[in-house]
Amino acid sequence: MGILRDCALVIVFFCLLTAAIPAYLGTLGPKTGLRQMIQARFSFGRYFVSVPVILNLATLTGFCVVTCVIGGQCLSAVASGSLTPAVGIVIMGVMALLISFCGYDILHQYERFAWIPALVAIIIATGCGGQGLRQQAPAEPATPGGVLSFGMIIASYMIPYACLASDFTTYLNPKFSS
């Protein structure tokens, strides 16, 4: 039970800590009426803005590559060997590209329902595991390096949204409370 508690605390703490950055930047969208990249260019200057842009591009590229590889391997596993992982990766990449070409409206509609298959899969996996879920391997106590490593994984999901925060809030009414 200690491992679950430690993981939950790391997830909650690092989510709250790192989600504060995009949340704050999201409050600037209605006040300024500017998109996030325009604000970054104003804040960092014409040339120095390339440093956070390059770092963000590297983060998002890595996230997209990992997502395509894991999705492609899942497709290959579900296809019972009739689909190679390489073809699955290409299929995932092309599907993501097609969805991205549809624009924000279609993307938001897709994301509104995309969590349902994941929830169904988790419920099925939990049901199949049943009593075996209690049989956990003995775990070592959490180390500061392990906590920081796991925390940085959580942070890597939250911080990249900072480059888009104002884009989602630009058209909100600036009279509303931040």
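The values are calculated or read from the model by the stated rules, or taken from the named source; none is laboratory data. These numbers come from a predicted model, not from an experiment. Glycine gets a Cβ as well: all are built from the backbone with ideal geometry, and neighbour counts include every protein chain shown.
Per the listing LEU83, LEU75, the residue uniquely in a loop (DSSP other than H, G, I, E, B) and in contact with a helix residue (DSSP H, G or I) (Cβ under 7 Å, 6 or more places away or on another chain) is LEU83.
Is it the case that TYR24 is over 23 Å from the mean Cα position of the chain (by Cα), exposed (fewer than 14 other Cβ atoms within 10 Å of the Cβ) and not hydrophobic (A, V, I, L, M, F, W, C)? So TYR24 does not fit the description; no. Restricting attention to segment 114-167, the residues that are part of a loop (DSSP other than H, G, I, E, B) and of a type in the set (Phe, Trp, Tyr) total 0.
All conditions but one from (1) more than 25 Å from LEU25 (Cβ to Cβ); (2) touching a residue at least 12 places away in the same chain (Cβ under 8 Å) apply to SER82; the one that does not is (2).
Of the residues making up segment 153-168, those that are touching a helix residue (DSSP H, G or I) at 6+ places or on another chain (Cβ under 8 Å), of a type outside the set (Phe, Trp, Tyr) and within 21 Å of THR61 (Cβ to Cβ) are ILE154, ALA155, SER156, MET158, ILE159, PRO160, ALA162, CYS163, LEU164, ALA165, ASP167. Look at segment 47-69: where a residue is over 20 Å from GLY93 (Cβ atoms) and a partner is surrounded by 14 or more Cβ atoms within 10 Å (Cβ to Cβ) and of a type in the set (Lys, Arg), sitting 6+ places away or on another chain with Cβ atoms under 9 Å, you get VAL49/ARG41. Kindly provide the set of residues from segment 19-35 that are over 19 Å from ASN56 (Cβ atoms) and assigned to a helix (DSSP H, G or I), ordered by number. Matches in segment 19-35: THR27, PRO30, LYS31, THR32. Residues in segment 41-58 that are in contact with a helix residue (DSSP H, G or I) (Cβ under 7 Å, 6 or more places away or on another chain) and modelled with pLDDT of 80 or more: 3 in all. For GLU111, the stated conditions do not hold, so it cannot be described as without any contact (Cβ under 8 Å) to a residue 12 or more places away in the chain, closer than 26 Å to LEU4 by Cβ and not polar (S, T, N, Q).
Just one of the numbered conditions (1) in a loop (DSSP other than H, G, I, E, B); (2) closer than 15 Å to CYS163 by Cα; (3) charged (D, E, K, R) is not true of ARG46: (2). GLY145 meets the conditions (1) of a type outside the set (S, T, N, Q); (2) loosely packed, with under 10 Cβ neighbours inside 10 Å; (3) at pLDDT below 90; (4) at negative phi in every case but one. The failed one is (3). Here ASP105 fits the description: among the acidic types (Asp, Glu), without any contact (Cβ under 8 Å) to a residue 60 or more places away in the chain and under 29 Å from THR59 (Cβ atoms).
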